[in-house]
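See below for the structure under consideration.
Quick note: the coordinates plus some simple rules give every number you see, no bench work behind them. A quick note: this is a predicted structure, and the numbers were derived from the prediction, not measured. As a convention, Cβ positions derive from the backbone with ideal geometry for all residues, glycine included, and neighbour counts pool all protein chains shown.
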Amino acid sequence: MKRIRIGWPRLGARRTDISFASGVNVLENPTIVMSGDDYAQVVIASGQGDGSAKRRQTSAVRDGRLRMEHVLDLPDVKANDVLAARAARERTRRQRIGTVAEVIVRDHPAAPLGSWQVGDDIYTRIYNAWTTYTGWCRITGWSIRPDAPGGPQATVQLAPADTYQYGGTA
């Protein structure tokens, strides 16, 4: 029997007791998607209001790269502090270029098979010959192969944890 559990404000938890890491429990070098289409180091959030009464907050950093901007339209937000927090979170998300979509892990004390669930945020460290990725990833699904060569393995689908908003409007 299969069961879907729906939870609010989120399923899972930020797990500090387990991790995925190259050379420890990640078996193959996963591909790291490097897309610059959504990159921005300046986010201008516009909230409720019209014309000169429109609420605006800007979150920007100088990082030596070509200035890229993104406008975040939030017409239902009227508090400046909430608008500033949303702009900062969106800028942080847009500054991260690389993402890991999937890893193949083996049963290891760093993350025993079955010790995680959908919605858990796992700290992931990938070190390849051509790139490096470190960050929190949210588990969106997995499949286990108990008869894989070399012992049981799990293919875990991941998404950057900072792309999800949990609870409230902030």
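Express in % the proportion of alpha carbon pairs of the chain at distances exceeding 28 Å.
Details: 5222 of 14365 pairs.
Here the long-distance tail beyond 28 Å is 36 percent of all Cα pairs in the chain.
Rounded to whole numbers, the Karplus 3J(HN,Hα) couplings from phi for the range 29-34 are 6, x, 7, 10, 6, 10 Hz, using 6.51 cos²θ - 1.76 cosθ + 1.60 with θ = phi - 60°, and x at Gly and Pro.
Angle of helix 80-95 to the longest C-alpha principal axis of the chain, folded into 0 to 90 degrees and rounded to 10: 50°.
To one decimal place, what Kirkwood hydrodynamic radius in Å is obtained for the range 1-95 from all pairs of distinct Cα atoms? Write out the running numbers ahead of the final one.
Details: mean 1/r = 0.0593 Å⁻¹.
About 16.9 Å, per the Kirkwood formula over Cα pairs.
With all pairs of different C-alpha atoms in the average, the Kirkwood value for the hydrodynamic radius of the range 61-161 is 16.5 Å. For residue 27, the residues whose modelled amide H falls within less than 5 Å of its own, excluding neighbours fewer than 5 places apart on the same chain, are 104, 105, 106.
Output the peptides 40-52, 56-68 sorted from most to least packed, where packing is the average of other Cβ atoms within 10 Å over each peptide's residues.
Details: 40-52: 15.9, 56-68: 12.5.
In descending order of packing, they fall as 40-52, 56-68.
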